[in-house]
């Protein structure tokens, strides 16, 4: 499935220019715009598993350094993650020097799933955790292990949600290695984080001509208001077409007192020398290594561009607050490795 997505992705991505490898502040002020009349040639991949119909409500957004519509971005992001699904951990190793594993462990330990000190019944009361863009299970498996093993709370269940069936399929396959009790506490659903009222259980991919992203027209259920104790998203929210809509949905599904927690690549602007070296590595080395190691330069090129386009820590914190969450701590986030990544948290008010 990944190999099938790559030719479509190559047709979909704009031609890479030498300036693409420069950080955003060195990019021309006018980003490449994909004309609507050329959509079928330049941004809509030809395979059914990568296409998505455009709607009248489409708005402009960005795909890396290119300007596209929201539906085009969903289709293009689907192509990227279908392409890298089988090598997702390798991709994160390249993009973080392997630090993503340490960041994820720290992220989960600070959330301490399975322990509810403010619970009116028991600190080990049942919890429902929703892991958004959780495809391959990296975060969800850590959450379950911490809850079931560290906090001895078997009453914690985790729903892994992703818009990409290929990513979810990788996670479902990997979950077979978990203890039976943890497997029983897992569920996999296809959903768009921007509208969690429409979901469906993961369905197997039977052929390479099938859609790999979730089609809301096939929804069979949805997440109810005030139904989730903890909402997590790790290295996924920067790929959303409408981040404010996703934050509003997070607020809707969380119970009062529930926590939104996000781990994402961020900005190391406070350390200019380190930041310069990191960006040089990101824009010059990572796409090249993607080509050499995975035979897929374009997907890795997009992923480093998406990091550069993601809001700075202060800006993202303000988006979280704007959705209604209360934030705490120094500035409302925690920088990791000098700001290469950051953890953001917000609580849905109890009253």
Look through the range 328-339, keep the residues that are in contact (Cβ under 8 Å) with a residue 12 or more places away in the chain and over 24 Å from residue 308 (Cβ atoms), and return whichever of them is surrounded by the most Cβ atoms within 10 Å (Cβ to Cβ). 329
Please work out if residue 346 is in contact with a strand residue (DSSP E or B) (Cβ under 8 Å, 6 or more places away or on another chain) and surrounded by fewer than 14 Cβ atoms within 10 Å (Cβ to Cβ). no
For residue 228, all conditions in the list (1) surrounded by fewer than 22 Cβ atoms within 10 Å (Cβ to Cβ); (2) at pLDDT 95 or above hold save one; what is the number of the exception? (1)
Hits in the range 128-158 (condition: surrounded by 22 or more Cβ atoms within 10 Å (Cβ to Cβ) and under 13 Å from residue 228 (Cα atoms)): 129, 130, 131, 132, 156, 158
Can you pull out every residue in the range 294-315 that is in contact (Cβ under 8 Å) with a residue 60 or more places away in the chain, assigned to a helix (DSSP H, G or I) and closer than 17 Å to residue 236 by Cα? 299, 300, 301, 302, 303, 304, 305, 306, 307, 308, 309
Just checking, how many residues over the range 296-327 are farther than 25 Å from residue 194 by Cα and surrounded by fewer than 20 Cβ atoms within 10 Å (Cβ to Cβ)? 1
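Conditions (1) at pLDDT below 90; (2) touching a helix residue (DSSP H, G or I) at 6+ places or on another chain (Cβ under 8 Å); (3) in a loop (DSSP other than H, G, I, E, B); (4) closer than 29 Å to residue 111 by Cα, marked per residue:
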| site | (1), (2), (3), (4) |
| --- | --- |
| 245 | no, no, no, yes |
| 251 | no, no, no, yes |
| 258 | no, no, no, yes |
| 267 | no, yes, yes, yes |
| 270 | no, yes, yes, yes |
| 277 | no, no, no, no |
| 281 | yes, no, no, no |
| 288 | yes, yes, no, no |
| 292 | yes, no, no, no |
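The values are calculated or read from the model by the stated rules, or taken from the named source; none is laboratory data. Keep in mind it's a predicted model, so treat the numbers as computed, not measured. Positions of Cβ are backbone-derived with ideal geometry, glycine not excepted, and every protein chain shown enters the neighbour counts.
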